[in-house]
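Working notes, beginning with the structure itself.
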Amino acid sequence: MKNVSIGPSGFGRAVDAEEIFERFSKKGFGNCEIDFTYKVYLNEKQAEEIKKLAKKYGIKLSIHASYFINLNSEEKPKIHASMQRILKCCEIGDALGAKSIVFHSGFYGKSKDKEETYQNIKKRIIEMMEIIKEKKWDIKLCPETMGKINVFGSVEEISRLVKETGCSFCIDFAHVLAREKKVDYEKIKKLFPQKEWHCHFSGIEYGEKGEKNHINLKPKDWKELFENLPKDKEITIVCESPSRIEDCAEGLEILDSK
Ligand SMILES: [Zn+2]
């Protein structure tokens, strides 16, 4: 399956960039998601250096934005801070040559009104997209499908955001499994007809309310995924399991045998 690229989430220190990319490319990884989940730890100069190295080693970069985001907060300053955190990722992401900024959109809020939550998040995404356009950052916002039932981000909600705002998306298959107790690939293909898919993958423990923990992948998890992924799309898979490097290597082995 030549239409699928696999790589880990998490990067490391800027000073180790060349060594990291060299190791990744030797293993056959095609992508890497830099984690700005706790902070944007690279400056513009470092980002530009890393961009060159990523190109040299053929590694496509994406970014996972801060965990501290709620575009549906009751408090205006919190919404503003959330947007600033995402936009900071866009700025450095543009310098990195990363194309996708993945983020968790927010919570349903006190009212638990899903339509109201949807409209609030949609409005914020449109505002951020306007700023991205103004700044001429070559980057796409990718709200992620979420694994807990009380968190905004069902496949239907994310697909609707894409349709109504023109933003991009991240399909986290482990989250879909935890939220829906199964992965309905046919439904996902219908909801996301786009040519390019940015995806997350890992094993997952879940209960009634959805996601509990990310766990390591088993060969059968990869096999099931590859059997069901569409063949006519460019698919980037970011592996988020605890042993992500080993799991990526195993995934690639299984992919190559397809
Ligand atoms: Zn995520």
*Some residue of the stretch 101-124 being closer than 30 Å to Lys55 by Cβ, assigned to a helix (DSSP H, G or I), in contact with a helix residue (DSSP H, G or I) (Cβ under 7 Å, 6 or more places away or on another chain) and in contact (Cβ under 8 Å) with a residue 40 or more places away in the chain*: no
_Condition check for Ile215: within 16 Å of the ligand (Cβ to nearest atom) and open to solvent by less than 20 Å² (accessible area, probe 1.4 Å)_ = no
*When you go through (1) within 16 Å of the ligand (Cβ to nearest atom); (2) more than 30 Å from Glu130 (Cα to Cα); (3) in a helix (DSSP H, G or I); (4) open to solvent by 10 Å² or more (accessible area, probe 1.4 Å) one by one for Lys187, which number turns out not to apply?*
(1)
*Are any residues in the stretch 83-117 more than 24 Å from Gln46 (Cα to Cα) and either within 16 Å of the ligand (Cβ to nearest atom) or crowded, with 19+ Cβ neighbours inside 10 Å (or both), and if so, which ones?*
His104, Ser105, Gly106, Phe107, Thr117
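Could you check how many residues of the stretch 220-246 are away from the ligand (no atom under 16 Å from the Cβ), open to solvent by 50 Å² or more (accessible area, probe 1.4 Å) and more than 28 Å from Lys190 (Cβ to Cβ)?
Selection size over the stretch 220-246: 1.
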*Test Lys60 against the criterion of being open to solvent by 10 Å² or more (accessible area, probe 1.4 Å), touching a helix residue (DSSP H, G or I) at 6+ places or on another chain (Cβ under 9 Å) and free of Cβ contacts under 8 Å to residues at least 12 places away in the same chain, and give yes or no.*
no
*asked:* Residues to consider are Ala174, Ala178; find the one that is out of contact with any Cys (no Cβ under 7 Å at 6 or more places or on another chain), touching a residue at least 24 places away in the same chain (Cβ under 8 Å), more than 12 Å from the ligand (Cβ to nearest atom) and in a helix (DSSP H, G or I).
replied: Ala178
*Quick one: is Glu134 more than 16 Å from the ligand (Cβ to nearest atom) and of a type in the set (D, E, K, R)?*
yes
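The values are calculated or read from the model by the stated rules, or taken from the named source; none is laboratory data. Computed from a predicted structure; not experimentally measured. Note that we place each Cβ from the backbone using ideal geometry, even for glycine, and neighbour counts take in every protein chain shown. Only protein heavy atoms, including side chains, enter the accessible area calculation; ligands, DNA and RNA are left aside. Shrake-Rupley method; radii C 1.70, N 1.55, O 1.52, S 1.80 Å.
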